[in-house]
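Engineer: Here you go, one structure.
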Ligand code: ACM
Ligand code: ZN
């Protein structure tokens, strides 16, 4: 029996935002679940508590017991049979109506149940459970009695880390995955190639990492800011993320932002000759005109061989091919590019870029993968099944969704976390509506939203942390929770409560971002 008094229960939805007075102080869930019914009493978690789960949830049981140990010091046993006072996790296909990441959780004084149609849903439920846990004493840790039914508003809740301008260590990637999981984010987009360095081992083209992963020696760049991931290291990252139900989407830039490849393989550019070494971002042009030649079959062969290996490492449905900021100057005067245009009946260089992207899309589709690219891939005609990541505002995303394409919104106005807090603070991120101005059909094609962190200005892990936190929490809320943009006060109260947690985890954050008060 529970001690529930349903008359006092409150259902917290977008229509009925929570107010500080209704909620015990420990209820600082972030992101806010779709529905929370607060009840009386609490479950006491002690060293005697056990976790019960079917074998299909072995990863989740292990994960939960490790997280509880880290939070409370208690060694929670995983057991096949349900014991009184246990945390029971079940897979229930009948719950498929709450979606692949949805879950139901009931915390009673005598036990806890998390049920979901998938392991992913159970995992998201665990995250909520950990968020409810009070600080532990020897006597135990308390979890308030609640009934939660939850599912995300958007299925793409992403963070892009630029690993090219500045290499991000394997340890930092792992820490980032943990932090994303804690706030129910589910896509880590790694910008692995750009003018400042190629960061992923490609066995068929070893020069990419032998030469292409390092700045020219005259710049005296510290070793930690350059280098590359071996395929084994990256497989480790992918597995670490998968255990936390996060998909790692690799980005291999084309046809622009490819200076580092041209340095290694000059024959792949229109000019076909040496173009100097690799320079740190502020020591050269922001955008180079050395790009892949669209008239050279060797370029496509190189990219296909590279993508073959990338696909082997990353099981994600999507492969990001960049496509942004491509100056077409070289193409205009290149005999090979011009010959390609003539042969294919292509009239403008924008259409030549569209031809380029379409070819790659077809190649990826034949391998069962979906292409995603920055919104410039709309110019000259979008590849038939491409997904657009809208960064130059949301207009590109709106146009793509109207034309029947899937979209991820990551506009510079709200989602660029290399920008200062003066430009984009948590409140601004919180105010973002990824489907603003869209009719329901177009809105249904918005997969979600993403924060982008470009690593040209802030280059040390503590500074990257500070650029991400605490505003990444606002993005996580916007991606998961029902539209509660009118509940800033409540959000900022919950977010402030999480600052202690950030501090405990050694996360650097922008201290002035979440002032108390209106
Ligand atoms: C971008 O910020 N150039 C996608
Ligand atoms: Zn060319």
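Just so it is clear, none of the values below were taken in a lab; they were calculated from the coordinates. All values derive from a computational prediction rather than experimental measurement. Ideal geometry is used to build each Cβ from the backbone, glycine not excepted, and the neighbour counts take in all protein chains shown.
Engineer: Between the range 360-401 and the range 197-255, what's the alpha-carbon centroid distance in Å?
Structural biologist: 24 Å
Engineer: For the residues 324, 232, what sequence is obtained by ranking on other C-beta atoms within 10 Å, fewest first?
Structural biologist: Least to most surrounded, the residues fall as 232, 324.
Engineer: Shifting gears a bit: Per residue of the chain, what 222 nm ellipticity follows from adding -39500 (n - 2.57) for every DSSP H run with n ≥ 4, rounded to the nearest 500?
Structural biologist: Roughly -9500 deg cm²/dmol at 222 nm, from the helical runs in the chain.
Engineer: Follow-up question, since we're still on this one. Highest mean first, how do 470-482, 141-153 rank when packing is the count of other Cβ atoms within 10 Å averaged over residues?
Structural biologist: 470-482, 141-153
Engineer: By counting other Cβ atoms within 10 Å of each Cβ, how are 458, 402 ranked from fewest to most?
Structural biologist: Placing the least packed residue first, the sequence is 402, 458.
Engineer: How would you order 438-446, 277-285 from highest to lowest mean count of nearby Cβ atoms within 10 Å?
Structural biologist: 277-285, 438-446
Engineer: Just the number: Rg to Rh for the range 49-188, Cα atoms, Kirkwood Rh, two decimals.
Structural biologist: 1.00
Engineer: In addition: Using the basic label-point model (7 angstrom from Cα toward the beta carbon), what is the residue 48 to residue 385 distance in nanometres?
Structural biologist: It is 5.6 nm.
Engineer: Follow-up. Along the Cα-to-Cβ line of residue 304, 7 Å from the Cα, sits a label point; which residues in the range 355-380 have backbone N less than 15 Å from it?
Structural biologist: From the range 355-380, the list is 356-368.
Engineer: Report the Cα-based extents of the range 206-250 along its three principal axes, largest first, to the nearest Å.
Structural biologist: 42, 21, 15
Engineer: Three principal axis extents, largest first, for the C-alpha atoms of the chain, in Å?
Structural biologist: If we take the Cα atoms of the chain, the spans are 80, 47, 45 Å.
Engineer: Starting with the fewest neighbours, write out 389, 185 ranked by other beta-carbon atoms found within 10 Å of each beta-carbon.
Structural biologist: Arranged by neighbour count, lowest to highest, 389, 185 become 185, 389.
Engineer: Further question: Which angle from 0 to 90°, rounded to the nearest 10, does the C-alpha axis of helix 471-480 make with the longest principal axis of the chain?
Structural biologist: Approximately 80 degrees, to the nearest ten.
Engineer: Give the relative contact order (percent, whole number) for the chain; include only Cα pairs under 8 Å separated by 6+ residues.
Structural biologist: 14 percent
Engineer: Between residue 172 and residue 412, what FRET efficiency comes out of the Förster formula 1/(1 + (r/R0)^6) with R0 = 22 Å and r the beta carbon distance, rounded to 0.05?
Structural biologist: Result of the calculation: an efficiency of 0.40.
Engineer: Relative to the present Cα-Cα distance, how much length would full extension add between residue 273 and residue 325 at 0.36 nm per residue of separation?
Structural biologist: Between residue 273 and residue 325, full extension yields 16.5 nm more.
Engineer: How many nm separate the modelled label positions at residue 70 and residue 336, each set 7 Å beyond the Cα in the direction of the Cβ?
Structural biologist: The two pseudo-label positions are separated by 4.8 nm.
Engineer: To the nearest 10 degrees, how steeply does helix 297-313 sit against the main Cα axis of the chain, on a 0 to 90 scale?
Structural biologist: That helix lies at roughly 20 degrees to the long axis.
Engineer: On a full-extension model of 0.36 nm per residue, what is the gain between residue 505 and residue 489, subtracting their alpha-carbon distance, rounded to one decimal in nm?
Structural biologist: Between residue 505 and residue 489, full extension yields an extra 3.3 nm.
Engineer: Now a separate question. log10 I(q)/I(0), Debye, Cα-only the range 136-276, no solvent, q = 0.19, 0.21 Å⁻¹?
Structural biologist: Taking Cα atoms of the range 136-276 as identical point scatterers yields -1.11, -1.25.
Engineer: Angle between the Cα long axis of helix 488-504 and the longest principal axis of the chain, 0 to 90 degrees, nearest 10?
Structural biologist: The angle comes out at about 80 degrees.
Engineer: Rounded, prolate or oblate: pick one for the range 423-518, where a ≥ b ≥ c are the square roots of the eigenvalues of its C-alpha gyration tensor, a/c under 1.5 means rounded, and failing that, prolate if a/b is larger than b/c, else oblate.
Structural biologist: oblate
Engineer: Calculated FRET efficiency, residue 210 and residue 444, Cβ-Cβ r, R0 51 Å, to nearest 0.05?
Structural biologist: Calculated transfer efficiency: 0.65.
Engineer: Sticking with the crude label model, points 7 Å out along Cα→Cβ, report the distance from residue 456 to residue 136 in nm, one decimal please.
Structural biologist: 4.6 nm
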